[in-house]
Amino acid sequence: MTGARPARIAGAAGAALKYDLLTALGAAACAGDKHRQRTALRLMTLITARYDWRADSLATGQAEIARLWSVDTRTVKREMARLREREWLWLKVPAAKGRVACYGLGIAAILRDTAFVWPAVGPDFAARLAPEPPASEAGNVVPFAPAVAGRGPWAAICGAFRESEPGAYAAWIAPLRCTGEEDALRLHAPTGFHESYVRSHYLGELARLARRQGIAEVVLGGPDEPRRGG
C-alpha cells in the first residue's frame, strides 16, 4: 500500500523508545539462532544508519543496503522480503522508475516478537514496554473517556469498548476515524505508531465487537489508507 503515515516518535519518551527497540532487537537476537541474529543485526544496522524516526521512513536503494551489509543485491531482496513477512518493515511506497521503495518500521510487530526476552533485560525494561492503558498524571485516576457520538455499528462498538476499558478507549480508540461500516469496519488511526499499537493490542477486541454488530471484517490503517486487519 502507499501513503505517508509518520510514527512521530519524538521527545524524551520517543528517544527512550528508540533505544528500547534496538535493545529488544539485540537481546532477542542473542537468544535466537544464527539466522535470527543475522536478520536482527542487519535491521538494527539499517535503522541506525538510514531510518528517519520522525517521518517513519526508510528510503534506501538496494545497492546502498548491499554495501552497508557487505552482501549482494540478491541477498538484500531476500532479507527485505523476510523483514516484511515478519512485519518488522512494511512497504509504504513501492519502487518506481527513478525512485527507491520507502518502508515504515513495524514497531508493534517488533515489540510482539521480542516480548519474550524483556524480563532478561530487566524488570524496569519489561514494565516500560508492557502494553498498559495510559494513566493520568495523578497515576490513579482513569483518563476522561469522551462520550460516544452518533448512532450505528461504530458508535455501538465504541460504547461497548468505552464501558469495559475507559482508559484505553480515551487514549487509543476515540482518536480512530471510521469511514465505512457496511461491508467492513474501516478505521483510520492519526499516526503510524497509533495504528501499530491498536493493531497489536486492541484489534482483536475491535473485531470481536464488530462481529456482534454483524460486521465480519475490520480494516485498520493510518491517516490515508486502511490495511486489512485480523
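A short reminder: the numbers here are calculations on the coordinates, not readings from a lab. Everything numeric here is computed off the predicted structure, so don't read it as measured data.
Amide H contacts under 5 Å for Lys92: Cys102, Tyr103, Gly104, restricted to partners 5 or more places along the chain or on a different chain, H placed in the peptide plane at 1.01 Å from N. Where the centroid of each part is defined by its Cα atoms, how far is the range 186-200 from the range 89-119 in Å? Computed from Cα coordinates, the inter-centre distance equals 14 Å. Whole-Hz Karplus values for the range 51-58 come out as 7, 9, 5, 5, 9, 6, 9, 10 Hz, taken residue by residue from phi with 6.51 cos²θ - 1.76 cosθ + 1.60 and θ = phi - 60°; glycine and proline positions read x. Working note: Karplus 6.51/-1.76/1.60 with θ = phi - 60° gives the range 156-168 the couplings 5, 5, 4, x, 5, 5, 4, 5, 8, 9, x, x, 5 Hz, where Gly and Pro are set to x. Measuring how big the range 153-228 is from its alpha-carbon positions, Rg and Dmax come out at 11.0, 29 Å. In straight Cα distance, which lysines are under 17 Å from Lys77, not counting same-chain residues fewer than 8 positions off? Excluding near neighbours in sequence, the set is Lys92.
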